[in-house]
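A.B. asks: Let me give you the structure first, and then I'll get to my questions.
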């Protein structure tokens, strides 16, 4: 996962007003303000009341968490519905 992908995802969460925490390698790099190595993923946690759930509807305004992923181009609406 590139830094641009990670930033795009967190920007989407910020724009949607979603609280989140970054862990793992990107979390360490965020604290260091520098990318120290390549990363395969982004470890992110959201409060339980904001977790993604089955039955996602791309028009559902209450699913801001999934809309942020779709908006960042990291998942397609059809994947979110699976």
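What follows draws every value from the coordinates through simple rules; no lab data is involved. Since the model is a prediction, treat every value here as computed from it, not as a measurement. Neighbour counts run over all protein chains shown; Cβ positions are idealised from the backbone, glycine included.
A.B. asks: Run the simple label-point estimate for residue 3 and residue 35 please: 7 Å along Cα→C-beta, distance reported in nm.
C.D. replies: Each label point lies 7 Å from its Cα, and together they span 0.6 nm.
A.B. asks: Could the peptides 9-20, 25-36 be put in order, highest first, of the mean number of other beta-carbon atoms found within 10 Å of their residues?
C.D. replies: 9-20, 25-36
A.B. asks: If you don't mind, another one. When the chain is fully extended, how far beyond the present Cα-Cα distance does residue 21 get from residue 43, taking 0.36 nm per residue of separation?
C.D. replies: Gain on extension, residue 21 to residue 43, equals 7.1 nm.
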